[in-house]
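Below is one structure, written out as structure tokens; comments come after it.
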Amino acid sequence: MRFSPVVYSMIVMLGSINVYDSTALAGNCGREESTTPDSGRFKDNGDGTLNDKDQNVMWKQCIEGLRGIRCRLGKANYFNWIQAQRKADNTVFAGYDDWRIPTDKELRSLIEPGCELPAINLAWFPRTPASAFWFNSPEADNSFRAGAVSFAYGESVSHDQKNVLYLRLVRSLPPSNENQPTANTPPAAVNTPPANQPPPANETPAPAAPPVNNTPPAVPNTPPANQPPTANETPAPPVNNTPPAAPNQPPTANETPAPPVNNNPAPPANNNPPAVANPPPANQPPAGAP
């Protein structure tokens, strides 16, 4: 007998059917614990998390409430939409605190083709119930409903936010995760060539930077005071450091006195014309004439 997805989800939530006893399946879908999971998409980090290279995310291997190896410990918990959001915001696991509710695309990517009840590979996600799981969608912000994926047959459904469903958390990985170290992997050392190593044969060496001149400027060789000039050096004329003599200063013992200055005024100039000699009277015989 085959139930509809909604009815089957309700029955599973009530615990009346053991979803792990189903045998009408295509392949084993990871039901046997001895199954070796395909390592092409997922990577088991050994701390309860799986790296998903297709979606570039990290999954919690167990749903909320379960823990331990192959999720054997604990009891699966139910959450309404508000409780699911709070659980994601407050979860710290494997050293990470940025866990969140997956998107519809991310959650639907876990559906394993050919597997039903549950429609997932249990080798990677053990003890996953064939029931509905919340996913984050714009519908949850604009109405009283929120999206979910049923892992009974792998279908997207809509639920009232007051309904209680299962929850699987996920976190985003940085871009190009293949080149990023994981949480438990130390970063690779950078191969830095030693100093002063010549470049490879096919590599053009970079131009060397000019050397830095740290030598202080030379101090000119100033001869000490009163030092005689060298043989090839012309002596400089002596500097007259004698202060000028004060006016009307008496001469020193070895100094010749200057002639006195004549301060008498010059005689007045004679502006009268020279006297005329007395001419002899007219018709007067010259002296000695008869």
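The values are calculated or read from the model by the stated rules, or taken from the named source; none is laboratory data. Just so you know, these numbers come straight off a predicted model, no measurement behind them. Neighbour counts are summed over all protein chains in view; Cβ atoms, including those assigned to glycine, are modelled from backbone coordinates with ideal geometry.
Pairing each residue of the stretch 73-90 that is on the phi > 0 side of the Ramachandran plot with any residue that is of a type in the set (A, V, I, L, M, F, W, C), provided the two are 6+ apart or on different chains, yields C-beta distances under 8 Å for G74/C62; G74/L66.
Results for (1) among the aromatic types (F, W, Y); (2) touching a Ser or Thr at 6+ places or on another chain (Cβ under 7 Å); (3) in a strand (DSSP E or B); (4) modelled with pLDDT under 95, shown as yes or no for each residue.
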{"residue": "Y20", "(1), (2), (3), (4)": "yes, no, no, yes"}
{"residue": "G27", "(1), (2), (3), (4)": "no, no, no, yes"}
{"residue": "E32", "(1), (2), (3), (4)": "no, no, no, yes"}
{"residue": "S39", "(1), (2), (3), (4)": "no, no, no, yes"}
{"residue": "W59", "(1), (2), (3), (4)": "yes, yes, yes, no"}
{"residue": "R70", "(1), (2), (3), (4)": "no, no, no, yes"}
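If I ask for residues that are assigned to a loop (DSSP other than H, G, I, E, B), over 12 Å from Y78 (Cβ atoms) and touching a helix residue (DSSP H, G or I) at 6+ places or on another chain (Cβ under 7 Å), which ones from the stretch 144-169 would you list? Lay out the reasoning, then the answer.
Taking the stretch 144-169 first, the residues assigned to a loop (DSSP other than H, G, I, E, B) are 144, 151-154, 161-164, 167-169.
Add one more test, that the residue is over 12 Å from Y78 (Cβ atoms), and what stays is 144, 151-154, 161, 168-169.
Of everything in the stretch 144-169, those that are assigned to a loop (DSSP other than H, G, I, E, B), over 12 Å from Y78 (Cβ atoms) and touching a helix residue (DSSP H, G or I) at 6+ places or on another chain (Cβ under 7 Å) turn out to be A152, Y153, Q161, L169.
Would you tally the residues in the stretch 127-138 being over 14 Å from F79 (Cα atoms) and either of a type in the set (S, T, Y) or in contact with a Ser or Thr (Cβ under 7 Å, 6 or more places away or on another chain) (or both)? Write out each step before concluding.
If we filter the stretch 127-138 for residues that are over 14 Å from F79 (Cα atoms), which is where we start, we get 127-130, 137-138.
Among the residues that remain, those that are also either of a type in the set (S, T, Y) or in contact with a Ser or Thr (Cβ under 7 Å, 6 or more places away or on another chain) (or both) are: 128, 137.
Summing the residues that are over 14 Å from F79 (Cα atoms) and either of a type in the set (S, T, Y) or in contact with a Ser or Thr (Cβ under 7 Å, 6 or more places away or on another chain) (or both) in the stretch 127-138 gives 2.
State which residue is nearest to F144 (Cα to Cα) when the search covers only the stretch 72-107 and only residues that are among the basic types (K, R) and part of a helix (DSSP H, G or I). Please lay out each step first, then the result.
From the stretch 72-107, those among the basic types (K, R) are 72, 75, 86-87, 100, 105; that's our starting set.
The next check asks that each one be part of a helix (DSSP H, G or I); those that pass are 86-87, 105.
Details: R86: 17, K87: 19, K105: 21 Å.
Filtering the stretch 72-107 for residues that are among the basic types (K, R) and part of a helix (DSSP H, G or I), the one nearest to F144 (Cα to Cα) comes out as R86.
Pick out the one residue from R86, R70 that is surrounded by fewer than 18 Cβ atoms within 10 Å (Cβ to Cβ), among the basic types (K, R), more than 18 Å from P174 (Cβ to Cβ) and touching a Pro at 6+ places or on another chain (Cβ under 7 Å).
Numbers: R86 fails: touching a Pro at 6+ places or on another chain (Cβ under 7 Å).
Result: R70 is the single residue among R86, R70 that is surrounded by fewer than 18 Cβ atoms within 10 Å (Cβ to Cβ), among the basic types (K, R), more than 18 Å from P174 (Cβ to Cβ) and touching a Pro at 6+ places or on another chain (Cβ under 7 Å).
Restricting attention to the stretch 116-143, and to residues there that are polar (S, T, N, Q) and surrounded by 21 or more Cβ atoms within 10 Å (Cβ to Cβ), which single residue is nearest to the chain's Cα centre (by Cα)? Top of the filtered list is N136.
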